[in-house]
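Single-structure report; data block below.
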Amino acid sequence: MMHIDVISVMPELLEGPFAHSILKRAADKGLLQVEVHNLRDYGLGKHRQLDDYQYGGGAGMVMMIEPIAKCIADLQAKRTYDEIIYMTPDGETLDQGIANQLSLKGNLLVLCGHYKGIDERVRQLYVTREISIGDYVLSGGELAAAVLVDSIGRLIPGVLGDESSALTDSFQDGLLAPPVYTRPADYDGHKVPDILLSGNFPKIEEWRYEQSLKRTKERRPDLLSED
Ligand code: ADE
């Protein structure tokens, strides 16, 4: 079973997402175990200090290396990790390709930052991959970690009820997903496209592909010009 361990100074922020999402189903099926570790348990002294002023001066506290190093050492005594990931706005931007790649790994360790950042030596000594979820700054890495872990968890074979549904996601074939409809077939004169009611599956597939292509051209032409 794949393990994802998350190190955080605000573990409460991750309780909701990890207890109720698709990840709960993954845990129940024994496919993925996500555990959050409170960095405060590794803080220094009686105040369990985790951060300090930065050398050279400047606003904002920096997370110290010792608590993080101790926490990582404890976890590494239990498991080996394929990647130690630091969530940071200056990392590589998460996309479906990265999520696919990480879903094939054994165990992952995810480190959430806070304050002004973490001591650079943590990144040099421990971190193997740095991931951002987009060009904006969050107040901590927790919400970003929740996004990352959700995007990975749903790709693990068997996690989604309908095995094929992750394969037909937007981005999975480099295109946006086509529009979908359910009952009623006629809502106040707004009708479902006839083709979807035709039962002609090759034609339906063709229509869906055309719709995907159209939507991608209109909304994300950048996806078509890549590679
Ligand atoms: N921490 C703060 N902002 C972030 C972002 N955009 N992505 C990942 N981690 C972050």
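The values are calculated or read from the model by the stated rules, or taken from the named source; none is laboratory data. Because the structure is a prediction, the values reported are computed rather than measured. Every residue, glycine among them, receives a Cβ derived from its backbone with ideal geometry; neighbour counts consider all protein chains shown.
Quick notes on this structure:
- Looking across segment 100-131, the residues that are surrounded by 20 or more Cβ atoms within 10 Å (Cβ to Cβ) and under 13 Å from the mean Cα position of the chain (by Cα) come down to L102, L108, L109, V110, L111, C112, I131.
Yes/no per residue for (1) under 29 Å from L176 (Cα atoms); (2) touching a strand residue (DSSP E or B) at 6+ places or on another chain (Cβ under 9 Å); (3) more than 10 Å from the ligand (Cβ to nearest atom):
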position	(1), (2), (3)
Q96	yes, no, yes
A99	yes, no, yes
L102	yes, yes, yes
C112	no, yes, no
R121	no, no, yes
G134	yes, yes, no
D150	yes, no, yes
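- Just one of the listed residues (R215, R183, R220, R208) is without any contact (Cβ under 8 Å) to a residue 12 or more places away in the chain and among the charged types (D, E, K, R), namely R183.
- If only residues of segment 55-71 that are β-branched (V, I, T) and within 16 Å of the ligand (Cβ to nearest atom) are counted, the one that is nearest to Q172 (Cα to Cα) is I68.
- For segment 65-82, taking the residues that are of a type outside the set (V, I, T) and crowded, with 18+ Cβ neighbours inside 10 Å, the one that is nearest to I152 (Cα to Cα) is identified as Y81.
- Number of residues in segment 23-37 that are touching a helix residue (DSSP H, G or I) at 6+ places or on another chain (Cβ under 8 Å) and buried (at least 17 other Cβ atoms within 10 Å of the Cβ): the value is 6.
- Residue in segment 168-178 that is among the acidic types (D, E), away from the ligand (no atom under 16 Å from the Cβ) and either loosely packed, with under 10 Cβ neighbours inside 10 Å or at pLDDT 95 or above (or both) present: no
- Taking the conditions (1) of a type outside the set (G, A, S); (2) touching a Leu at 6+ places or on another chain (Cβ under 6 Å); (3) more than 19 Å from V34 (Cα to Cα); (4) within 15 Å of the ligand (Cβ to nearest atom) in turn, I84 satisfies each one other than (3).
- Output for segment 181-204, where each listed residue is within 31 Å of the chain's Cα centre (by Cα) and surrounded by fewer than 11 Cβ atoms within 10 Å (Cβ to Cβ): T182
- Filter result for the condition that a residue is over 25 Å from S170 (Cα atoms), away from the ligand (no atom under 16 Å from the Cβ) and touching a Cys at 6+ places or on another chain (Cβ under 9 Å), over D52, D41, D28, D74: D41
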